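Chemist: Submitted below is the structure of interest, expressed as structure tokens.
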Ligand code: FCB
């Protein structure tokens with residue numbers, strides 16, 4: 001921790017210990033000099049998603065998903081990887097639950113396979129796939145691990161994309177197909193699952209799936225990507241209604257990819273650039289989900305982009321009257337996927353591209369993961385405090401946070417991923433600081449339980465608490481998992497990195 005953040009921590013500690021009303025209401029974490037203490041009911045978990053870990057792509061009557069199709073495109077995935085086997089978790093799921101138990105976690109975020117449950121996109125649900133997930137949920141509950149289920153972690157049935165560049169989230173009807181699927185899953189599991197995450201990362205779906213074509217379904221069309229993003233949000237609203245009917249006591253949320261956007265300098269133009277980028281990345285999703293409607297500045301931006309691209313339609317052509325009410329109808333918690341931040345500056349005059357900002361940083365010698373992403377825990381603290389302030393004090397669950405570090409097993413058979421230990425520790429302390437400042441953070445799901453199929457990047461980046469040998473499927477808990485076990489067992493995150501002499 002830097003001197004500056006230490007000072008903030010001790011300042012927030014004073015504030016939290018002197019305002020007892022706030023302390024009681026928030027059930028805040030205490031920050032002592034040497035450790036951050038989390039509430040006893042805090043959710044300590046890890047996250048995965050179906051396509052990234054399961055393999056067995058046709059088992060139990062599974063239908064083809066858009067990712068099964070996309071990985072066949074030459075060059076779409078680094079190294080030519082596919083989800084055909086991945087971590088083989090569709091067969092080895094009991095082993096994965098054992099891993100959660102060994103780490104001592106009390107929760108697990110995973111996704112149900114959309115194309116497994118709705119092989120043809122609409123109509124009758126596939127009972128065999130529902131049986132599979134029911135067994136998994138029951139086994140988790142039996143050992144005291146709370147399931148947090150994501151419904152769409154990107155494996156949409158390919159039947160919903162009838163031709164390249166058509167269908168999928170471009171099609172308004174997909175929002176109701178998604179609600180049918182949500183109804184099928186919650187009809188079976190709604191009595192047992194306490195947290196439902198409808199959509200994973202609407203902005204990433206819009207950006208990578210429909211604007212840049214780097215993820216399935218591989219559409220590259222800026223104007224229509226905005227339409228797709230709207231339908232993803234509409235899908236949340238419709239699905240939330242189906243979930244609420246089947247799972248009345250459950251908490252319903254969305255996992256959002258949130259990237260704090262900070263100005264490169266103090267000048268007004270850079271500040272405006274950061275705010276504009278924040279609208280594009282964060283507020284365009286957060287505001288309507290939190291029943292505030294689409295932010296006017298970003299809507300103007302999209303109007304300009306649509307007009308300039310000659311799309312022949314405006315936002316009122318797909319954001320229909322009543323849509324915002326549906327989208328904002330239910331958000332019990334905000335799922336925060338946090339990896340890094342964006343440093344923004346005003347776009348250079350005459351620069352190509354549709355947006356009046358440029359992502360220019362981080363510049364210089366900042367700490368980075370093996371994927372080059374800046375490690376910026378303080379930005380997570382500030383983000384959580386801001387979400388608490390701007391979105392009605394809703395509970396916040398960190399639904400993803402993690403880093404690529406490529407450490408492999410060494411001669412002693414262990415994986416000494418000391419940088420991941422430091423990464424987790426610093427981010428947990430940032431969360432504790434936000435909680436001490438009043439943010440209601442109720443859980444932390446590390447991405448990921450396992451090294452897995454990292455979408456277009458294939459199997460190269462390793463995000464896991466557990467090393468996976470892809471040839472054999474063998475799992476090895478990394479030192480970070482042993483560290484995380486200590487955190488979960490004690491409910492505290494230490495101030496300093498431990499020495500790494502865990503016995504395991
Ligand atoms: C998020 C995705 C998740 C994983 C992590 C690294 O954007 O939700 O599946 O790929 O990034």
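The values are calculated or read from the model by the stated rules, or taken from the named source; none is laboratory data. All figures in this text were calculated on a predicted structure; none of them were measured in a lab. Please note: Cβ atoms are built from the backbone with ideal geometry, for glycine as well, and neighbour counts cover all protein chains shown.
Chemist: For region 166-200, what are the residues that are in contact (Cβ under 8 Å) with a residue 60 or more places away in the chain, more than 26 Å from residue 316 (Cβ to Cβ) and part of a loop (DSSP other than H, G, I, E, B)?
Modeler: Hit for region 166-200 is 190, nothing else.
Chemist: Which residue out of 394, 414, 330, 363 is part of a loop (DSSP other than H, G, I, E, B), out of contact with any helix residue (DSSP H, G or I) (no Cβ under 9 Å at 6 or more places or on another chain) and more than 14 Å from residue 258 (Cα to Cα)?
Modeler: Unique residue meeting the criteria: 363.
Chemist: Over 23 Å from residue 456 (Cα atoms) and within 16 Å of the ligand (Cβ to nearest atom): which single residue out of 237, 253 fits that description?
Modeler: Details: 237 fails: within 16 Å of the ligand (Cβ to nearest atom).
One residue alone meets the criteria, 253.
Chemist: Looking at region 34-64 only, could you name the residues that are within 14 Å of the ligand (Cβ to nearest atom) and in a strand (DSSP E or B)? Talk me through it step by step, then tell me what you get.
Modeler: First, pick out the residues of region 34-64 that are within 14 Å of the ligand (Cβ to nearest atom): 46-54.
Listed by number, the residues that qualify are 46, 47.
Chemist: Restricting the first residue to region 463-491 and requiring it to be without any contact (Cβ under 8 Å) to a residue 12 or more places away in the chain, which pairs with a second residue that is assigned to a strand (DSSP E or B) and within 16 Å of the ligand (Cβ to nearest atom) meet a Cβ separation below 8 Å and a spacing of at least six or different chains?
Modeler: From region 463-491, the pairs are 474/468.
Chemist: Out of all the residues in region 451-495, which are surrounded by 20 or more Cβ atoms within 10 Å (Cβ to Cβ) and modelled with pLDDT under 95?
Modeler: 493
Chemist: State whether the residues of region 342-353 include one that is within 30 Å of residue 152 (Cα to Cα) and assigned to a loop (DSSP other than H, G, I, E, B).
Modeler: The answer is no; no qualifying residue exists.
Chemist: Please determine whether any residue of region 285-298 is under 30 Å from residue 243 (Cα atoms), within 16 Å of the ligand (Cβ to nearest atom) and in contact (Cβ under 8 Å) with a residue 12 or more places away in the chain.
Modeler: For region 285-298, residues under 30 Å from residue 243 (Cα atoms), within 16 Å of the ligand (Cβ to nearest atom) and in contact (Cβ under 8 Å) with a residue 12 or more places away in the chain: present.
Chemist: Now for a different question. Being over 30 Å from residue 488 (Cα atoms) and touching a residue at least 24 places away in the same chain (Cβ under 8 Å) narrows it down to one residue among 105, 140, 160; which is it?
Modeler: Answer to the selection: 160.
Chemist: Of the residues that make up region 429-442, is at least one within 15 Å of the ligand (Cβ to nearest atom), in contact with a strand residue (DSSP E or B) (Cβ under 6 Å, 6 or more places away or on another chain) and over 30 Å from residue 474 (Cβ atoms)?
Modeler: Scanning region 429-442, I find no residue that is within 15 Å of the ligand (Cβ to nearest atom), in contact with a strand residue (DSSP E or B) (Cβ under 6 Å, 6 or more places away or on another chain) and over 30 Å from residue 474 (Cβ atoms), so the answer is no.
Chemist: Could you please let me know if residue 425 is away from the ligand (no atom under 12 Å from the Cβ), modelled with pLDDT of 95 or more and either farther than 27 Å from residue 496 by Cβ or in contact with a helix residue (DSSP H, G or I) (Cβ under 6 Å, 6 or more places away or on another chain) (or both)?
Modeler: no
Chemist: Starting from residues that are outside any helix (DSSP H, G or I) and within 13 Å of the ligand (Cβ to nearest atom), keep the ones in region 201-222 and report whichever is surrounded by the fewest Cβ atoms within 10 Å (Cβ to Cβ).
Modeler: Ranking the candidates gives 214 first.
Chemist: Follow-up. Please specify each residue of region 137-168 satisfying the condition of being on the phi < 0 side of the Ramachandran plot and within 16 Å of the ligand (Cβ to nearest atom).
Modeler: Within region 137-168, 148, 149, 150, 151, 152, 153, 155, 156 meet the criteria.
Chemist: Within region 117-136, which residues are within 17 Å of residue 239 (Cα to Cα) and either in a helix (DSSP H, G or I) or within 16 Å of the ligand (Cβ to nearest atom) (or both)?
Modeler: Once the filter is applied, which keeps residues that are within 17 Å of residue 239 (Cα to Cα) and either in a helix (DSSP H, G or I) or within 16 Å of the ligand (Cβ to nearest atom) (or both), region 117-136 yields only 117.
Chemist: Would it be correct to say that residue 420 is surrounded by fewer than 18 Cβ atoms within 10 Å (Cβ to Cβ), over 30 Å from residue 292 (Cβ atoms) and within 14 Å of the ligand (Cβ to nearest atom)?
Modeler: no
Chemist: What's the number of the condition residue 242 fails, among (1) in contact with a strand residue (DSSP E or B) (Cβ under 6 Å, 6 or more places away or on another chain); (2) in a helix (DSSP H, G or I)?
Modeler: Residue 242 satisfies all of (1) in contact with a strand residue (DSSP E or B) (Cβ under 6 Å, 6 or more places away or on another chain); (2) in a helix (DSSP H, G or I) except (1).
Chemist: Let me confirm something: among 319, 334, which residue is closer than 30 Å to residue 248 by Cα, out of contact with any strand residue (DSSP E or B) (no Cβ under 8 Å at 6 or more places or on another chain) and touching a residue at least 60 places away in the same chain (Cβ under 8 Å)?
Modeler: 319
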